[in-house]
Amino acid sequence: MKEQSLKVAVIGAGMAGLLAARELKREGHRVIVFEKTSRLGGTWVYDPRVETDPLGLDPSRKIVHSSMYSSLRVNLPRRLMGFLDYPFLKKQDGDTREFPGHREVLRYLEDFARDFWLVELIRFEHEVVRVERVNGVSHEWIVEWRTREGESEEEEVFEAVIVCNGHHTEPRIAEFPVLYYATGMDTWPGVQIHSHNYRTPEPFKNKIVVLIGNGPSAHDILREISSVAKEVHQALRASDVHFKKLENRNNIWQHPVIERTDEDGKVIFQDGSFVCADIIIHCTGYKYHFPFLRTNGIVNVDDNCVGPLYKHVFPPYLAPWLSFVGLPYRAVPTLIIELQSRWLAKVLSGKLALPCEEEMASSVEELYQHMNESGRPKHHTHQLQQNKFDYENWLVNQLGLPPLEDWREQLYFYALKKIPSDAGDDYRDWDTWDINQWIQE
């Protein structure tokens, strides 16, 4: 296959965009990174501002990109967060904890961008508003952007586009949006926010709070607000959940999911238990959202699944000229992002080949069918928590890299077992332990 150098647009200068840019640059491609904010780092840039619509339902709201809360720490050891050839080392003048805070991750990304000369590739304060094929059929793409609100748009033609803008700006409400209205939350009189707009616990002082969700952010926020709130009631979707007070906390209760809410402020759970609450916090995740992308329906978001995508990266009928990096979640995405970036950069350069369109499309359909037969909803397509290593090893094989070290899988699953199922002591404070001992157990 003939090797080639392409003009490539990368959308987003977060972790995915930076890794994609580094790998494209290594392969000799001509890269421009579009970043709508004034800083690199994506979701790792903390912003104390919150949106005017705290639930994120108003499409005309002023978007605040960051979902960081002030106290956020990584939820897996730092050695799993680093890149293959650029480890996430402890620095004496930084946050040396094994589970550092978000500021240390941002510093790591800034150092990475500086050391690999990526900053000069980034066009800051350039918001992409349209990505569309030239004449609707060409393998060339128009990328249209604006630099400030109200200014006229400009455009440029690229030979390939890589979407790396993440999905942490479009909140998903009440697990599934229909439940928000079915339970009467749209007329409930209390305060409601999505975790995207949570920053500090102070606004919850002496309040009775209902928290929906059971993910890592839900655990963090639950633990943090319980130190100031009067009561915290966590609504869980698991089938075996029943009303109980947590043994290790004086003011935290667990309930099954919300059955309905009343206009008098009452929140009723499926088992009949209820509470008169002041605030509901939705820790219910995010939606994939690409308002700038125009593909005439070839790529769409259906039930929060971006597709069809071959191996979570390439749309079969637009490959390799359009691709996505960083969609998988709940899977320590750092290594996945790095391997995806290396793979697509080599595909674009002509060093690696993709299957034919029909074969890629068939592979995607087989995945959907397998998920359906195993009872997994489509919105779990990009959730790779349990089979992330199969996917990483597939990418490693495509790239001809040495097999991944065993300690990665051992440490990952060891750490997963330590993530609590309630609001107990923070397992991340055990970082006086020798990580190597964790691997041996």
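Of the listed requirements (1) touching a strand residue (DSSP E or B) at 6+ places or on another chain (Cβ under 7 Å); (2) surrounded by fewer than 18 Cβ atoms within 10 Å (Cβ to Cβ); (3) not hydrophobic (A, V, I, L, M, F, W, C), Y286 misses just one: (2). Taking region 237-275 as the search range and keeping residues that are in contact (Cβ under 8 Å) with a residue 12 or more places away in the chain and among the acidic types (D, E), which one is most open to solvent (accessible area, probe 1.4 Å)? Step by step, filter region 237-275, then rank; the result is E263.
Scanning region 76-127 for residues that are touching a residue at least 40 places away in the same chain (Cβ under 8 Å) and assigned to a helix (DSSP H, G or I) yields R79, L80, H102, R103, V105, L106, L109, E110, F112, A113, V119, L121.
Determine whether region 184-200 contains at least one residue that is surrounded by fewer than 21 Cβ atoms within 10 Å (Cβ to Cβ), more than 20 Å from the chain's Cα centre (by Cα) and within 12 Å of L72 (Cα to Cα). Yes, region 184-200 contains a residue that is surrounded by fewer than 21 Cβ atoms within 10 Å (Cβ to Cβ), more than 20 Å from the chain's Cα centre (by Cα) and within 12 Å of L72 (Cα to Cα). I281 meets all of the listed conditions (1) over 30 Å from W343 (Cα atoms); (2) open to solvent by 20 Å² or more (accessible area, probe 1.4 Å) but one, namely (2). Answer yes or no as to whether P59 is of a type outside the set (K, R), touching a residue at least 60 places away in the same chain (Cβ under 8 Å), under 30 Å from I280 (Cα atoms) and part of a loop (DSSP other than H, G, I, E, B). Spelling it out, it is not the case that P59 is of a type outside the set (K, R), touching a residue at least 60 places away in the same chain (Cβ under 8 Å), under 30 Å from I280 (Cα atoms) and part of a loop (DSSP other than H, G, I, E, B). Residues considered: A13, A21. Of these, the only one that is of a type outside the set (F, W, Y), crowded, with 23+ Cβ neighbours inside 10 Å and under 17 Å from the mean Cα position of the chain (by Cα) is A13. When region 256-269 is filtered for residues that are in a loop (DSSP other than H, G, I, E, B) and under 30 Å from the mean Cα position of the chain (by Cα), the ones remaining, listed by number, are P256, V257. Hey, any hits in region 27-41 for a residue that's modelled with pLDDT of 95 or more, open to solvent by less than 30 Å² (accessible area, probe 1.4 Å), part of a strand (DSSP E or B) and among the charged types (D, E, K, R)? Yes - at least one qualifying residue is present in region 27-41.
Rundown of residues vs (1) among the small types (G, A, S); (2) closer than 21 Å to S341 by Cβ; (3) at pLDDT 95 or above; (4) open to solvent by less than 30 Å² (accessible area, probe 1.4 Å), yes/no style:
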residue: R73; (1), (2), (3), (4): no, no, no, yes
residue: R78; (1), (2), (3), (4): no, yes, no, yes
residue: Y86; (1), (2), (3), (4): no, yes, yes, no
residue: F99; (1), (2), (3), (4): no, no, no, yes
residue: R103; (1), (2), (3), (4): no, no, yes, no
residue: Y108; (1), (2), (3), (4): no, yes, yes, yes
residue: W117; (1), (2), (3), (4): no, yes, yes, no
residue: T147; (1), (2), (3), (4): no, no, no, no
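So if I check each of L121, L80, which one is under 23 Å from the mean Cα position of the chain (by Cα) and either of a type in the set (D, E) or at negative phi (or both)?
Working: L121 fails: under 23 Å from the mean Cα position of the chain (by Cα).
Step by step, each of L121, L80 is checked, and only L80 is under 23 Å from the mean Cα position of the chain (by Cα) and either of a type in the set (D, E) or at negative phi (or both).
Taking (1) more than 27 Å from L416 (Cα to Cα); (2) of a type outside the set (S, T, Y); (3) crowded, with 21+ Cβ neighbours inside 10 Å in turn, M68 satisfies each apart from (1).
The values are calculated or read from the model by the stated rules, or taken from the named source; none is laboratory data. Please read these numbers as outputs of a predicted model, since none were measured by experiment. In this analysis, Cβ positions are derived from the backbone assuming ideal geometry, glycine residues included, and neighbour counts consider all displayed protein chains. The area values use the complete protein model at the heavy-atom level, side chains included, leaving out ligands, DNA and RNA. Shrake-Rupley method; radii C 1.70, N 1.55, O 1.52, S 1.80 Å.
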